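Just below is one structure, and these are the notes that go with it.
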Amino acid sequence: MNFKSAIGRLRLFAILEGISYLLFGITMPLKYGLGIKEPNLYVGMAHGWLFIVYVILCIQNIYLKKWSFKVAFFALVASLIPFGTFVADAKIFKPESLKDAKVYPES
């Protein structure tokens with residue numbers, strides 16, 4: 001991943017945002033089952049910031065890459081679905097980064 005490019009940064013934050021979303025699967029039972037609130041507080045705060053950065057980076061790439069409405073919609077909705085950002089990375093962001101790297105010719 002090239003973190004100097006807009007799509008590379010989006011790929012990084014998509015993975016981080018997805019991991020933070022999945023961590024709720026650990027912290028929510030701790031909060032509601034065992035009464036331990038602190039892990040959920042920190043994961044929730046991190047997830048909130050990562051979500052905001054992810055949406056900003058999506059908007060940046062929508063503008064720079066001139067994505068269609070369909071691609072833009074799925075990239076943004078992916079952050080609302082568990083495992084969605086991982087799928088968006090594999091189906092949308094990784095192919096876009098390969099186009100930037102000129103690994104395969106544009107079709």
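The values are calculated or read from the model by the stated rules, or taken from the named source; none is laboratory data. On a predicted model such as this, the values are computed, not experimentally measured, just so you know. Counting neighbours? That spans all protein chains shown, and the Cβs are built from the backbone with ideal geometry, glycine included. Quick note on the areas: whole protein, heavy atoms, side chains included, nothing else; ligands and nucleic acids left out. Shrake-Rupley method; radii C 1.70, N 1.55, O 1.52, S 1.80 Å.
Where a ≥ b ≥ c are the square roots of the eigenvalues of the C-alpha gyration tensor, would you call the range 28-91 rounded, which needs a/c under 1.5, or, failing that, prolate if a/b is larger than b/c, or oblate? Present the calculation step by step, with values, prior to reporting the outcome.
Details: a/c = 4.31, a/b = 2.45, b/c = 1.76.
Prolate is the answer for the range 28-91, as a/c is 1.5 or above and a/b outweighs b/c.
How many Å² of accessible area per residue for the chain, probe 1.4 Å? Show your work: numbers first, answer last.
Numbers: 6940 Å² over 107 residues.
The answer is 65 Å² per residue.
What relative contact order, as a whole-number percentage, does the chain give when Cα pairs under 8 Å and 6 or more residues apart are counted? Working shown, then result.
On the way: 96 pairs, mean separation 35.5, N = 107.
For the chain, the relative contact order is 33 percent.
Using a Gaussian network model on the chain with a 10 Å cutoff between Cα atoms, which of PHE93, PHE74, PHE13 fluctuates the most?
Comparing PHE93, PHE74, PHE13 in a Gaussian network model of the chain, the most mobile one is PHE74.
Which residues make up the longest stretch of the chain clear of trypsin sites (Lys or Arg not before Pro) that lie in a DSSP loop with no more than 10 other Cβ atoms within 10 Å, not counting the sites?
Numbers: sites that count: LYS4, LYS66, LYS102.
The longest such stretch corresponds to 5-65.
With the Cα gyration tensor of the range 59-100 giving a ≥ b ≥ c as the square roots of its eigenvalues, does the rule (a/c under 1.5 for rounded; else a/b larger than b/c for prolate; else oblate) give rounded, prolate or oblate?
On the way: a/c = 2.33, a/b = 1.29, b/c = 1.81.
Oblate is the answer for the range 59-100, as a/c is 1.5 or above yet b/c matches or exceeds a/b.
For the chain, give the percent of accessible area contributed by carbon and sulfur heavy atoms, probe 1.4 Å, rounded to a whole number.
Details: 5040 of 6940 Å².
Of the solvent-accessible surface of the chain, carbon and sulfur hold 73 percent.
Would you mind counting up the charge near GLY44? Only other residues with Cβ under 14 Å from its Cβ, with Lys and Arg at +1 and Asp and Glu at -1. Working shown, then result.
Numbers: positive: LYS31, LYS37; negative: GLU17, GLU38.
So the environment of GLY44 carries a net charge of 0.
Among all the lysines, which ones have a C-alpha under 26 Å from LYS94's C-alpha, if same-chain residues fewer than 8 places away are not counted?
LYS4, LYS65, LYS66, LYS70, LYS102
Using θ = phi - 60° and the Karplus curve 6.51 cos²θ - 1.76 cosθ + 1.60, what whole-Hz ³J(HN,Hα) does each residue of the range 56-72 get, with Gly and Pro shown as x?
Each residue of the range 56-72 in turn: 4, 5, 4, 4, 4, 6, 4, 5, 5, 8, 6, 5, 5, 4, 4, 5, 4 Hz.
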